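Each value in this text was obtained by applying a stated rule to the coordinates, not by laboratory testing. All values reported here derive from a predicted model rather than from experimental measurement. When we count neighbours, we look across all protein chains shown, and the Cβ atoms used for this are built from the backbone with ideal geometry, even at glycine.
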């Protein structure tokens, strides 16, 4: 698979039960996953980059195209399924995780993807998102976060910075924003990552790990809306500023960033969290040996949560990017199928015979 | 000692007590005994929404009414012949429903000053003359129970809790009920707590023996088994019959069942029941909310399961947008509404049928949904299968409207043979269904002659679209809530297409009427000028009311609807045959509104929303008034209202 090496060992795969393409068929390409529908996002929209990356990445999975399902809600990004030559459903606002739960639970042989935005997933559909995460249904959720409502033409969103001037908030928005990664970690998610629309290599690496994870994989994608919130992520995208803004998370690696790794994270004994320090040999710097080493597999989500708090809530100048957490926990859908298998293991007779016995059971009497 | 045994044709007993007194269990056991004995019966559980309302108060009273007879009956009965009251509140709350001369068996133990005050009695009604019009048996049931179970060494509180079984034993003796099934039931239920088990059995036997040996009761009664068609019978509640119908639908269609549901009274028992039957390939998903319940069911249907969601009125409100999605995506889906009193939280444990218009119209846009309704507890089985047949055959969400009375009420049910059940073919699409031609205007840019899959190409007869499930190669397609282009199913904003698709979705639902059998018109001699039209659980009360009117010598016809959408094709012609149409409903006239609008018939409503079934006697009066009006005659029903113990027909 292509993409950034995130330093993660193989675990039981999220696509283990999904049929692969026959070895003797020609290799799939991005074109095989491109539908004939005209893509209708605004010019310059970050969604194009993500679509291209997904279309380019799907062949790497080697799955039969008919066993992949994309489900979306409502919003600009939720048009995504129409452009992929797989099975798909463009559903209703906020409900994609619940629909995907039904798909994943009833069919072990499908690779299930949810495409959603921060309005879809964190406002109207917040309840479904957190419950999907705690249940750990085997699916990958791609949350496109542009920090604005695009499809309804520019109102503030649940991730917009406080004070945002929009059509619905001429004097500035009042709400404190959600941090999607913190929220997912708090909702018991087993796989939580953040990536950026324009960094195809990193995005593909994260997608690859997310697809491979068995359980609900939550991926926040910073995505630029050129019409209503242009430049919201410039700090992490611009070649000039990104080295200072992105805190890269790679499992097993010390968490360092800035020009020449001049800064890093250490535990903050005062708060129990983590903090950014200057790294070096000077007296007011912290030794490179003391920099926190990223452990995505830690059973305890405390450190991952602490790292997620380093994301700016206001105008974005700094954000950790990468896989925050990846731990193994039984999935809801596997457990549900196990119960059905267990219940069916001890029974004899055809379903018809058992149905006759069921409805004719209890206290009965016969009228001759 | 030998006692006189008197024969009765039917009896209505109401067991009433505090909500912690086990009255539902007592009534249920008496019902099972009567069912096994072979009586026809009908039951009406009535309990507060609070799990344990304040003890000894009027709001905390829970009751269970059972009507059993040696002939075919239709309702739980209007007024009890016998009231078993376990405390002052139970007496006070139910006394108003008793006709003069009714028998009251009352546990005197709780008739203390404190409990009398709680129930709102200034004086003890057992000591003044307020009950002199009734046959009162004031007995210390609790005291006798405690005495009877002394040997098991229970605390006084635990010992007293068996008083409901003492009462059950006494009533079982009084009406000659068989005891084996209750003893077997108690032994199984309390198998893990031998002292409680033995105490309950002992209390039950003590109650029986008290009736048998003391001189308190000089007469016992016999109600012969009712003649019924041959077959194997069991007593069944509506929620259980509905659950079995859903499992049967899975077996008959070969589809796995996926139930997405959120607990809500009075529908939760369906979730509980289905969760016990995973061995049939049934998945039950207790969702985070009503919306997720239906969402997961839609996802499962998309993937080739039979998606089902169960709820009550407030849940339907929350599911409305999702039902619209299923209408647009044309996926099979079963939406079960066990109606209760509304609006809002309303009366969670009481019955009503006021969700009909919500089922018809409670969505944005032109959003037609087929509706079926069962008419009795046992009929819930057949209604479930019919709803599944429609959902799968026509690729559509189907609404099934049960209600609280059907859900918790019970009746003898003839267990069907599997050969009587419909075969349902899911008919999944397996290959492309469209050949691309150069004249094609689908805009997909495909090459001429290539075969492709069009998800909205319809079956000519049913207008159903193909059901192509993930995992089927070559049929990859996308569906969703946006308007579809005819045939190819791609997003379309074309005005003419939208108009066409709106009409086509409506026409598809209307096509279902072609598959329906003719309506059964119950008009014995064809002389009726008045037709009574009903739907759902009013079948019993309407039937009983109609019988009373006929018994008094008048003519009236009855039609009961299984299908509310589409309405049967012959309904219009039937309505035209009658001068007057009466539509009794437990709402303010919802079917009447539809019928008046659709057929321009001046239908008259008969409407009560008391949270209880309609009363046969009152309904008979309403029918009688209309008969008098239509035929220009005087109608006198007094002869029909008294019980005729010799012929015993038709008291409802």
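Tell me, how many Å apart are the Cα centres for the stretch B:558-603 and for the stretch A:143-196? Cα centroid to Cα centroid, the span is 52 Å.
FRET efficiency for the pair residue B:577 and residue B:357, taken as 1/(1 + (r/R0)^6) with r the Cβ-Cβ distance and R0 = 35 Å, rounds to 0.85. The fewest-to-most ranking of B:278, A:167 by surrounding Cβ atoms within 10 Å reads A:167, B:278. Comparing Cα centroids, the stretch B:518-537 and the stretch B:236-268 end up 31 angstrom apart. Once you order the gyration tensor axes a ≥ b ≥ c over the Cα atoms, which shape class does the stretch B:596-636 get: rounded for a/c under 1.5, otherwise prolate or oblate by comparing a/b with b/c? Oblate, because a/c is 1.5 or more while a/b does not exceed b/c. Modelled label positions at residue A:267 and residue B:221, each set 7 Å beyond Cα in the direction of Cβ, lie 7.9 nm from each other. Work out, in µm²/s and without decimals, the Stokes-Einstein translational diffusion coefficient of the stretch B:86-209 at 4 °C, 1.567 mPa s, Rh from Kirkwood over C-alpha pairs. My calculation gives 84 µm²/s for D. Stokes-Einstein diffusion for chain B at 4 °C, viscosity 1.567 mPa s, with a Kirkwood radius from C-alpha pairs, works out to 48 µm²/s. The modelled label-to-label distance between residue A:302 and residue B:113, using points 7 Å beyond Cα along the C-beta direction, is 6.2 nm.
Relative contact order, whole percent, for chain B stands at 12, derived from Cα pairs under 8 Å and 6 or more residues apart. Label zone of residue A:238 (point 7 Å out along Cα→Cβ, amide N under 16 Å): in the stretch A:314-353 this covers A:315-319.
The tail of the calculated P(r) for the stretch B:1-57, taken as Cα-Cα distances beyond 19 Å, holds 45 percent of the pairs. In degrees from 0 to 90, rounded to the nearest 10, what is the angle of the helix B:290-302 Cα long axis to the longest principal axis of chain B? So the helix axis and the longest Cα principal axis differ by about 50 degrees.
Could you give the angle, 0 to 90 degrees to the nearest 10, between helix B:163-174's Cα long axis and the longest principal axis of the Cα atoms of chain B? With rounding to tens, the tilt is 80 degrees.
Distance between the pseudo-spin-label points of residue B:423 and residue A:175 (7 Å out from Cα toward the beta carbon): 5.5 nm.
Relative to the longest principal axis of the Cα atoms of chain B, the long axis of helix B:180-189 lies at roughly 70 degrees. On full extension, the segment bounded by residue B:79 and residue B:431 gains 120.5 nm, given 0.36 nm per residue less the C-alpha separation.
Per residue, the protein assembly as shown reaches -9500 deg cm²/dmol at 222 nm when only DSSP H runs of four or more residues are counted, each adding -39500 (n - 2.57).
Length gained on full extension, residue A:288 to residue A:16: 94.0 nm, using 0.36 nm per residue less the C-alpha separation. Separation of the stretch B:110-188 and the stretch B:454-486 by C-alpha centroid, Å? Here the answer is 63 Å between Cα centres.
Taking a ≥ b ≥ c as the square roots of the eigenvalues of the alpha carbon gyration tensor, the stretch B:502-640 is prolate, as a/c is not under 1.5 and a/b beats b/c. Here the stretch B:275-338 is described by how far its Cα atoms reach on the three principal axes: 32, 24, 19 Å, from widest to narrowest. Our estimate of slack between residue B:459 and residue B:602, defined as 0.36 nm per intervening residue step minus the Cα-Cα distance, is 47.7 nm. Ordered by the number of other Cβ atoms lying within 10 Å of each residue's own Cβ, fewest first, B:535, B:467, B:454 fall into the sequence B:467, B:454, B:535.
Given R0 = 35 Å, the distance between the Cβ atoms of residue B:634 and residue B:72 translates into a calculated FRET efficiency of 0.75. For the stretch A:48-91, averaging the sequence separation of C-alpha pairs within contact (under 8 Å, six or more residues apart) and dividing by the residue count gives a relative contact order of 36 percent.
Counting beta carbons within 10 Å around each of A:237, A:275 and listing the fewest first gives the order A:275, A:237.
Shape of the stretch A:250-368 from the C-alpha gyration tensor: prolate (a/c of 1.5 or more and a/b above b/c, with a ≥ b ≥ c the square roots of its eigenvalues). Computed from the C-beta positions of residue B:156 and residue B:123 and an R0 of 35 Å, the FRET efficiency is 0.80 to the nearest 0.05. Pairs of Cα atoms nearer than 8 Å and 6+ residues apart set the relative contact order; for the stretch A:248-368 it is 20 percent.
Where the alpha-carbon atoms of the protein assembly as shown are placed on the principal axes, they occupy 106, 74, 62 Å, in descending order.
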